[in-house]
Amino acid sequence: MIFSLKKASLPDYYPGFSNYPGINIHELNIYDLITIKVFVADGDGNDIPQIIDAHIDLTIESIEGDKIVADILTDLPENFPLSTGDPLELLEEEILFCVKYEGHLEGNIVN
């Protein structure tokens, strides 16, 4: 499940979670780096699963209307239900942060 800023405004929907700034979809561009929060069940199926949360960084591949498609950049554990490189379709309310893509800085490598 992906954390939603819209649902977070409901009383006790996500108790105890920080406020996030969110983004404006009209300010996003291809290749911008975005962050989402996901919740997954961790367990082998025999025990009561424990819910864990993780922040995941992605890079935007396309924006069409209110849908954003982005590829996962974060290295995730092998047993995680998502993998690096997987594309996700997201909504504006699911994006917590954005770092603007500034292009490639060729020739500015410092040793």
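Here, each number is a calculation from the coordinates, and none is a lab measurement. Just so you know, these numbers come straight off a predicted model, no measurement behind them. Ideal geometry is used to build each Cβ from the backbone, glycine not excepted, and the neighbour counts take in all protein chains shown.
Protection proxy ranking for 74-86, 22-34, using the average of other Cβ atoms within 10 Å per residue and placing the highest first: 22-34, 74-86. Remark: region 5-99 carries a charge dipole of roughly 320 debye about the Cα centre, counting +1 on each Lys and Arg Cβ and -1 on each Asp and Glu Cβ. Between D66 and D47, the simple label model (points 7 Å from Cα in the Cβ direction) yields a spacing of 4.0 nm.
Taking every C-alpha pair closer than 8 Å and separated by at least 6 residues, the mean separation divided by the residue count of region 5-99 gives a relative contact order of 32 percent.
Within the shell defined by Cβ-Cβ distances under 12 Å, the residues around I23 carry a net charge of -4, with Lys and Arg each +1 and Asp and Glu each -1. For mean projected area of the Cα convex hull in nm², the candidate list reads [x] 9.5; [y] 11.1; [z] 6.9; the entry that matches the value derived from this model is [x].
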